[in-house]
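Just so you know, all these numbers are worked out from the coordinates, no wet-lab data involved. These figures come from a predicted structure and were not determined experimentally. So basically every Cβ, Gly included, is an ideal-geometry build from the backbone, and we count neighbours across all protein chains shown.
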Amino acid sequence: MNGYLDESNFMMVEEGFTTRDLLENLLVELCQASDQQAFFVADLGDIVKKHLRFLKALPRVKPYFPVKCNDSEGVIRLLAELGAGFACTSKAEIARVQSIRVPADKIFYSSPCKQVAHIKYAASHGVQLMTFDNEVELSKVARSHPQARVLLGVAADSGPPALPGMMFGTTLKSCRHLLETAKEQAVEVVGISFHLGSRGLEPQTFAQAVAVAQLAFEMGTELGYQMHLLDIGGGFPGTEDTRARFEEIAAVINSALDLYFPDGCGVDIIARPGRYYVTSAFTFAASITAMDEVPAEQPGSDGGWDGGMVGWADPCARAPLSPLPAPLQRKNLAARGASYHPLHSSSLRGPPGHGEDCIADGLELPQLQVGDWLIFKDMGAYTIATSSLLGERPQPQITYAMSHVAWKAVQLFQGKPPQTEDDHETVCAPLSCGWEMAETLCATPVFAPASII
Ligand SMILES: Cc1ncc(COP(=O)(O)O)c(C=O)c1O
């Protein structure tokens, strides 16, 4: 064991005891205490499963988890225990992972825009690996961190940026100039980085990006750099309902790596999978604290929608539920509503008094009551606000759970990927029953009847 995670960090659950069971137990306790505070239940076994799946699908790629995606204690400890690295975008995130004693060589300061003070903090705390994609960032690194080892960020996606002017990385045309400038400033460039965004990418986009990265590698090598690290970024799907499955994307990446960076070429590959690891592991429960019925829109009025209900969820829901989550199991709610109750066009809002904080509009929901609990699944990515962003607002509590078999797998695993197919079977086999349980937890039908409790 690596010593980051032990049995005091999570609730050990018996086989057959599901996240749903745990959630219901917690709700009973909260109701007895008349407590309406929102909370998360996190299935750490789901993350273990994702990690082994990652190593199997992308055997040459080392994952660096982006801390901004979910910096909760259980997630950080588990991933450190499994041997993952961490991609940090600020001093606070570096401090977060170093607070559990993650060594500096497992930390990648991956932000394309860094405060000088944060670069200095990285330097004084031994974090050397970072990125740059323009001259301003380069000179900040040159001045503040002479020991830095940097990756040049390239914009490898030929498509338009998600937001105008918000492109990650430099163009291939500017690479040579930036590499030459780095040489003049005595900055050690060790490789190339790209991040294609998280917009449900076509797998082929990764192949194009790897090809672009190889051209940039050649430029660096020509200029005399020891180029030995390629970072392929994040953007891998966290659930199964996406355009391309994770394994499909991985197959395309593996082919591109074999072509442009063949095994044995001396280049290590890393990635920054965020949502992939944590989305499906977290379930969120928030209660209705207030509600109002809105009359159907009269002809001639300029009302926004045609009548229904507005429900205000527990104040703690505000942080995790903004921006819009996927609506809670809409289909199942609709099914329940159709068989028992009429459905109402409904709007869910953050805390009363924050009317502009819209969680979801136009949901077809059965009649809700104050005190009803709404269950949101797949809530693990970009939903946990760091304490600094949350201000005075209390964090929703997170209850971590893991089955015996998943914990056994973590202990067997020891941070080392299975070496052979036989090893892989050994590590995975005992998990199968735990995983069946985990699959059941997250499968829609299990949660369906209890989406409103
Ligand atoms: C630069 C960068 N790298 C990696 C990630 C992780 O992306 P994802 O969670 O989609 O894997 C993000 C997410 O915003 C990012 O901005």
| said: On a full-extension model of 0.36 nm per residue, what is the gain between Q397 and K120, subtracting their alpha-carbon distance, rounded to one decimal in nm? | reply: 96.4 nm
| query | At a Förster distance of 22 Å, what's the computed FRET efficiency of T239 paired with T171, Cβ-Cβ distance as r, to 0.05? | reply | 0.10
| Which distance in nm do the two modelled labels at L223 and D21 give, with both placed 7 Å along the Cα-to-Cβ direction? | 5.9
| said: Can you bin every Cα-Cα distance in the stretch 111-271 into 10 Å intervals starting at zero and give me the percent of pairs per bin, rounded to whole numbers? | reply: 10, 39, 34, 15, 1
| note | On the formula 1/(1 + (r/R0)^6), with r taken between the Cβ atoms of E188 and D292 and R0 of 60 Å, the FRET efficiency rounded to 0.05 is 0.50
| query | Which order do M219, M227 fall in if you start with the one that has the fewest other Cβ atoms within 10 Å? | reply | M219, M227
| request: Give a quick list of GluC sites (Glu not before Pro) in the stretch 190-283 that DSSP marks as loop, anything other than H, G, I, E or B, with at most 16 other Cβ atoms within 10 Å. | output: E240
